[in-house]
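Please read the structure below before turning to the comments.
The values are calculated or read from the model by the stated rules, or taken from the named source; none is laboratory data. Note that the structure is predicted; figures quoted are calculated from it, not measured. Cβ: placed from backbone, ideal geometry, glycine included. Neighbour counts: every protein chain shown. In case anyone asks, the SASA skips ligands and DNA or RNA and just uses the protein heavy atoms, side chains included. Shrake-Rupley method; radii C 1.70, N 1.55, O 1.52, S 1.80 Å.
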Amino acid sequence: MTLYDVAILSDLRYPGGNSASIVAEVRAQAAAGLSTVLIHVPSPHLRHARPFQSRIVDCLRDGLADLAHDDGTEVTARVLLIRQPRIFTAEPAVVPKVKAGHTIVVLNQPPGDESHDQRYYVFDEVRERVTRLFGDGIVWAPISPQVRENVQQVAPRAALPDTDWHEIIDIDDWVAADRTPGGVPVIGRHGRPDAVKWPREAGELLQAYPDSAEVKVRILGGGEIGVRRLGRRPDNWDVVEFGAESPQDFLAGLDFFVYFHDPDWKEAFGRTILEAMASGVPVIVGPHFRAIFGDAALYTDPAGVRDLVRRLHADRAAYQAQVERARRYVTEQFGSASHIARLASLGVMPRAGRRRPRPPVRPTRPNRRVLLVGDDVARFRAIARRMPAGFEAVVVAGSAGLADAHAAGLLTEYLPGAAELGAPPARWNDFARDRLGHLVELYRPRAVLVGGLPHDGIVAAVEEHPLPRWLWLRPAMWRRGTGGEWAARGAAFAGILEPGEFAAAGDEGWTTTARAGVSTVDPITGLPGRVVRREGDHTILCRGVEAALPGFRAVEAGPAELGEVTLAVSRADYLNFHELIGARVPTVFVPDPDACDDELARARFAAAAGVALCATDDEAAAIALEKLADPAVREALSRRCADLAFGNGAGDAADWLAAHCREVHRAGR
């Protein structure tokens, strides 16, 4: 069992500051050589299905943190951080098992606001629930004086630490270029769209963000709220949809960051303010932020914004002094080092020898999207994880595949199969054509990769929507005499990718002769880059086959855990066949003779190559398993797997897909 330095429990789908704060701490911990595991607990307040926040996914993809499984396995950590108390306003459907030396609830939202001091959560109820679920001795740590004041108001006997668990920021991610304001100052703000984040009255709104040729106003996220409250959009306002620009790019185009909100709203901290300061943009906010930001910000009410902007814009020396003062304050008070220091106070010390290389900063331009269509989510997940920076995958699958895609943090769209809809084939094909057409218009993808079989509805969608590059992830290893009717469908696609087969020499199916436009890569698996075999407890893994072996304990294991599996019995479908051989797990393959692909040929080839045992019935499987009880037999199979090792083609598949996307871009389509 892995002992992590830090476990962070939250709803990993939250947009805005909650996810940004998690990412900042994960990155700081990784840079200090500390290990992190993220634990997802759905909040009762996010009712609509949505994927993990993209920055969270980036951290997982870059290997800066692990994602805890939701199978009841206990997580152990030196420190458990629970973020967002509203998650526990109701009993969670599944309570994660966590054992930690220290547990801290980071109060990153106050219980209430000016109109109701416990509008968002009842502090004592949340405290009782969290204590019951995670034990005594929990530290309740506010992130700012505002949150501390609210908690002390509603729970005066609550014991709070002397210092706040303040937000942090990686200053290197927010490069402050030398900024020379132009003739007309540009003021702006960014943040998730939320009505409470805006002045309530139209008069105050126009004072903070004037309708005047004296200034330009740029708004990233939520601008439609201001427009709605005014009943019009001022000519000098540039309203940008949330997510259309990166905060770094957006802030680089501002001269002043101006933030005012609803008078009833209690801003817990103000992460966007911190980001603006780190980017070298002078910040103008209300006086209630002084307790957090001191002299690093400029304070006024909405009526004072225009004069303050005019005065500082005309005095370049004062402007630059404010930029330098704010950036210095952010570095000293809210830099990554402050977070590592507070972890050290809990006994979690940085490990210089284990520092992970800093991952590249994600691209600032909008993501180039690709649609991955079909239920082959395991292969999609492996490819999506290795897509070059700047590409974003959207998995379009039936209900069976959506859960796996969600667990991997991928964007998803639902495309139910004919059986799920209870529709005849002709009607389903019409539905699939229209559904795919809608998704192409919605996402404007550079490419659409179809996994599995290109049914009539898919081909019809290709014909009606030719702008993206349509590609086919084509399965090989068909049983002889089956599936040949699909060969002609390849002409509908701009490219065909065929994942490699370890047993290709035994392939007698139709794809061996239909090679026009086909590219091949090594077998595509979800295996990590390096699988370390560890002979621990005697365990048996069963995949698609029921079996038992005296003295061996049945386990479940994903790709990352296969190195700890002693032996396996499995069907010889593509995924299991290549994962188990690739992880060098001694295996008995029991092929399904009725499967579309030639499982029997795969299993027999593996036996002939000496990498696995093959059994075609229950009696033969029992005999083969008894052979695997012998450590010498297991060692011989595992060694042979290592001798005949193959690479993981997921990276090459991702590059092939990206190259097609670039061809679309060069063609100007």
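In region 134-152, the residue that is nearest to Asp117 (Cα to Cα) out of those that are outside any strand (DSSP E or B) and small (Gly, Ala, Ser) is Ser144. Scanning region 389-411 for residues that are modelled with pLDDT under 85 and either assigned to a loop (DSSP other than H, G, I, E, B) or within 21 Å of His455 (Cα to Cα) (or both) yields Ala389, Gly390, Ser399, Ala400, Gly401, Leu402, Ala408, Gly409, Leu410. Scan region 322-335 for residues that are over 19 Å from Asp255 (Cβ atoms) and open to solvent by 30 Å² or more (accessible area, probe 1.4 Å) and the total you get is 5. In region 78-101, the residues that are open to solvent by less than 40 Å² (accessible area, probe 1.4 Å) reach residues that are of a type in the set (D, E, K, R) with C-beta atoms within less than 6 angstrom, at least six apart or across chains, in these pairs: Ile87/Asp11; Phe88/Arg129.
The number of residues in region 208-220 being of a type outside the set (A, V, I, L, M, F, W, C) and crowded, with 18+ Cβ neighbours inside 10 Å comes to 4.
Here is a yes/no grid of residues against (1) part of a loop (DSSP other than H, G, I, E, B); (2) hydroxyl-bearing (Ser, Thr, Tyr); (3) within 29 Å of Ile56 (Cβ to Cβ):
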residue	(1), (2), (3)
Asp430	no, no, no
Leu436	no, no, yes
Pro445	yes, no, yes
Val450	no, no, yes
Leu453	yes, no, no
Val459	no, no, no
Val462	no, no, no
Trp470	no, no, no
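Filtering region 151-162 to residues that are closer than 19 Å to Ile82 by Cα and in contact (Cβ under 8 Å) with a residue 40 or more places away in the chain leaves only Val151.
Only one entry of Ala572, Ala595, Ala557, Ala547 meets the criterion of being modelled with pLDDT under 95, buried (at least 20 other Cβ atoms within 10 Å of the Cβ) and assigned to a loop (DSSP other than H, G, I, E, B), and that entry is Ala547. If you filter region 12-21 down to residues that are touching a residue at least 40 places away in the same chain (Cβ under 8 Å) and not hydrophobic (A, V, I, L, M, F, W, C), you find that the one that is surrounded by the most Cβ atoms within 10 Å (Cβ to Cβ) is Ser21.
Against the test of being open to solvent by less than 30 Å² (accessible area, probe 1.4 Å), hydrophobic (A, V, I, L, M, F, W, C) and in a helix (DSSP H, G or I), the options Val105, Val130 yield a single qualifying residue, Val130.
Residues in region 267-288 that are modelled with pLDDT under 90, buried (at least 23 other Cβ atoms within 10 Å of the Cβ) and over 21 Å from Ser336 (Cα atoms): Glu267 only. Could you please give the count of residues in region 50-68 that are of a type outside the set (A, V, I, L, M), more than 8 Å from the chain's Cα centre (by Cα) and open to solvent by less than 40 Å² (accessible area, probe 1.4 Å)? The qualifying residues number 1.
Of all residue pairs spaced 6 or more apart or on separate chains, those with beta-carbon atoms under 8 Å, a first member in region 572-594 that is free of Cβ contacts under 8 Å to residues at least 24 places away in the same chain and a second member that is open to solvent by 20 Å² or more (accessible area, probe 1.4 Å) and among the polar types (S, T, N, Q) are Pro593/Thr616. Filtering region 22-44 to residues that are small (Gly, Ala, Ser) and either crowded, with 20+ Cβ neighbours inside 10 Å or in contact with a Ser or Thr (Cβ under 9 Å, 6 or more places away or on another chain) (or both) leaves Ala24, Ala28, Ala30, Ala31, Ala32, Ser35, Ser43.
Yes/no per residue for (1) open to solvent by less than 40 Å² (accessible area, probe 1.4 Å); (2) aromatic (Phe, Trp, Tyr); (3) in contact (Cβ under 8 Å) with a residue 60 or more places away in the chain:
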residue	(1), (2), (3)
Asn429	yes, no, no
Arg444	no, no, yes
Gly451	yes, no, yes
Gly483	yes, no, yes
Ala491	no, no, no
Gly495	yes, no, yes
Glu508	no, no, yes
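Quick check on region 489-506. Is at least one of its residues farther than 24 Å from Phe646 by Cβ, of a type in the set (D, E, K, R) and out of contact with any strand residue (DSSP E or B) (no Cβ under 7 Å at 6 or more places or on another chain)? Within region 489-506, one or more residues are farther than 24 Å from Phe646 by Cβ, of a type in the set (D, E, K, R) and out of contact with any strand residue (DSSP E or B) (no Cβ under 7 Å at 6 or more places or on another chain).
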